[in-house]
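The values are calculated or read from the model by the stated rules, or taken from the named source; none is laboratory data. Model, not experiment: these values are computed from the prediction. For neighbour counting, all protein chains shown are included, and Cβ atoms are generated from backbone atoms with ideal geometry for every residue, glycine included.
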Amino acid sequence: MSNRLLIVFIAAFFALLVFNARHAGAAGTAAPVPFLKSETTVQSETVRLGDLLENAGAAAAVPVFHAPELGTSGTIQTFRIIEAARQNGIASFETRGLTEVAIFRNARTVTLAELERAVAEAARRHLGLTRAEDILIRFDRDVRSLQIEPDARGAARITQFAYDSYTHRFEGFVEVPGSLALRKQPLRLSGTAIETAEVVVLARNVARGEMLRDTDILVDRLPRGEIAADALARPGLVVGQAARRALRAGMSLRPADLMKPDLVARNDSVTIVFEVPGIVLTARGKALTAGAEGDTVDVLNPHSKRVLQGTVRGPGTVVVGRGNTVAANAGGVVR
């Protein structure tokens, strides 16, 4: 082989190496192949191509479908995604055998409790009250939690609030700063807003003279217009007292409904304590009348057959002292 041919052969060989190297580099930097997602979550009213395809490239930001309603889900069939992708420059992608893609629209939930607080706060300002917690809200219809945009983070509030002090009825519109959904479709609320107060109520029916325990009472909220001015609000004023008359479950309690419980019942066997300066004597006796602590009751001394008057000091205990007289039918003074 001549030197000239050898030079041509070597040049061709190196050209082939350069060509292969270039193509190998090009293959190494090729864009990754797009593939279909099985599910996706969107934040806005539209579904973009990048929400459906991984590696969608420059077409990722292109809106192609309407998103489901806030807080709901739906599906988009694969053949519709193929058509949308081709229209936006993606000729093919890996479907991974999927026939549809699940779409969820992200949302923030405004709960029923938040809506009640918003109305109560509006009513508090309108009525000039101190605490929104003192206002009971009842809606006219079955109001449910509200779905709004996840980035609308402000507290719910009521605008165009109107209130009738005679009927206690209100109406107004819900507003959350930053919520386009509520601006497009305002939510009107109506119902009643009633001022309430905490009072002690009975958990069960109570018979006359029955002593009340902590399990017999509850602290509840009632409309202020239905509560007596002297209604009791503290359980400590009720526990240990007795019913002055038969009381029904659910009613609020007043001082007039209660009395000291009888520590001595009629016909009870009691301890009679005779007290004079320097001397204390006890005897068994029989109560002829009932009484609470501090009440004066009649007791029979079975030994002397005398009817004495004494003061109830404790359960089953009656004290007779120098100042206590014998009942009128017996005469005399205890000395």
Report summary line: With the first residue restricted to the range 62-74 and required to be more than 12 Å from R48 (Cβ to Cβ) and touching a residue at least 60 places away in the same chain (Cβ under 8 Å), and the second required to be among the aliphatic types (A, V, I, L, M) and in a loop (DSSP other than H, G, I, E, B), Cβ contacts under 7 Å at 6 or more apart or on different chains are L70/A107; G71/A107
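Report, by residue number, each residue of the range 170-195 that is among the charged types (D, E, K, R) and free of Cβ contacts under 8 Å to residues at least 40 places away in the same chain.
Correct list: E171, E175, R183, K184, R188.
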Report summary line: In the set L49, L70, the lone residue that is touching a strand residue (DSSP E or B) at 6+ places or on another chain (Cβ under 6 Å) and farther than 30 Å from A155 by Cβ is L49
Query raised in the report: What about D298, is it modelled with pLDDT of 85 or more and either surrounded by fewer than 13 Cβ atoms within 10 Å (Cβ to Cβ) or more than 35 Å from the chain's Cα centre (by Cα) (or both)?
Result: yes
Query raised in the report: Restricting attention to the range 267-275, does a residue exist that is in a loop (DSSP other than H, G, I, E, B), on the phi > 0 side of the Ramachandran plot and modelled with pLDDT of 85 or more?
Result: yes
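Scan the range 252-293 residue by residue and report those that are hydroxyl-bearing (S, T, Y) and either in contact with a helix residue (DSSP H, G or I) (Cβ under 9 Å, 6 or more places away or on another chain) or not assigned by TED's automatic domain parsing to the domain that holds L308 (or both).
Residues of the range 252-293 that are hydroxyl-bearing (S, T, Y), as a first pass: 252, 269, 271, 282, 289.
Once the filter is applied, which keeps residues that are hydroxyl-bearing (S, T, Y) and either in contact with a helix residue (DSSP H, G or I) (Cβ under 9 Å, 6 or more places away or on another chain) or not assigned by TED's automatic domain parsing to the domain that holds L308 (or both), the range 252-293 yields only S252.
Taking the range 292-322 on its own, how many of its residues are closer than 10 Å to L263 by Cα and either in contact with an Asp or Glu (Cβ under 6 Å, 6 or more places away or on another chain) or among the small types (G, A, S) (or both)? Working first, answer last.
Here is the first cut: in the range 292-322, the ones closer than 10 Å to L263 by Cα are 292-295, 312-318.
So of that shortlist, the ones also either in contact with an Asp or Glu (Cβ under 6 Å, 6 or more places away or on another chain) or among the small types (G, A, S) (or both) come out as 292, 294, 312, 314, 316.
Total satisfying the criteria: 5.
Just the residues that are within 56 Å of the chain's Cα centre (by Cα) and either buried (at least 19 other Cβ atoms within 10 Å of the Cβ) or among the charged types (D, E, K, R) (or both), please, taken from the range 273-291.
At the first step, the residues of the range 273-291 found to be within 56 Å of the chain's Cα centre (by Cα) are 286-291.
Selection gives K286, A287, G291.
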Query raised in the report: Can you spot a residue in the range 83-95 that is assigned to a strand (DSSP E or B), out of contact with any Ser or Thr (no Cβ under 8 Å at 6 or more places or on another chain) and under 30 Å from L180 (Cα atoms)?
Result: no
Query raised in the report: Quick one: is G250 farther than 25 Å from E198 by Cβ and within 52 Å of the chain's Cα centre (by Cα)?
Result: no
Query raised in the report: If a residue has to be in a strand (DSSP E or B) and within 23 Å of the chain's Cα centre (by Cα) to count, how many in the range 203-239 make the cut?
Result: 7
Query raised in the report: Which one of these does P255 not meet: (1) out of contact with any strand residue (DSSP E or B) (no Cβ under 9 Å at 6 or more places or on another chain); (2) more than 25 Å from R213 (Cα to Cα)?
Result: (2)
Query raised in the report: Restricting attention to the range 162-195, which residues are more than 17 Å from V143 (Cα to Cα) and part of a strand (DSSP E or B)?
Result: A162, Y163, D164, I194, E195
Query raised in the report: Just to be sure, is T289 touching an Asp or Glu at 6+ places or on another chain (Cβ under 9 Å), of a type outside the set (G, A, S) and outside any strand (DSSP E or B)?
Result: yes
Query raised in the report: Taking the range 128-160 only, how many residues are under 23 Å from P223 (Cα atoms), surrounded by 13 or more Cβ atoms within 10 Å (Cβ to Cβ) and without any contact (Cβ under 8 Å) to a residue 40 or more places away in the chain?
Result: 2
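Check D134, D142 and return the single one that is touching an Asp or Glu at 6+ places or on another chain (Cβ under 8 Å) and not assigned by TED's automatic domain parsing to the domain that holds Q43.
Values: D142 fails: touching an Asp or Glu at 6+ places or on another chain (Cβ under 8 Å).
The match here is D134.
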Query raised in the report: With respect to V206, is the statement that it is under 18 Å from L115 (Cα atoms) and out of contact with any His (no Cβ under 7 Å at 6 or more places or on another chain) true?
Result: no
Query raised in the report: Pairs, please: C-beta under 7 Å, at least 6 apart or cross-chain, first residue without any contact (Cβ under 8 Å) to a residue 12 or more places away in the chain and in the range 102-127, second part of a helix (DSSP H, G or I)?
Result: R124/A132
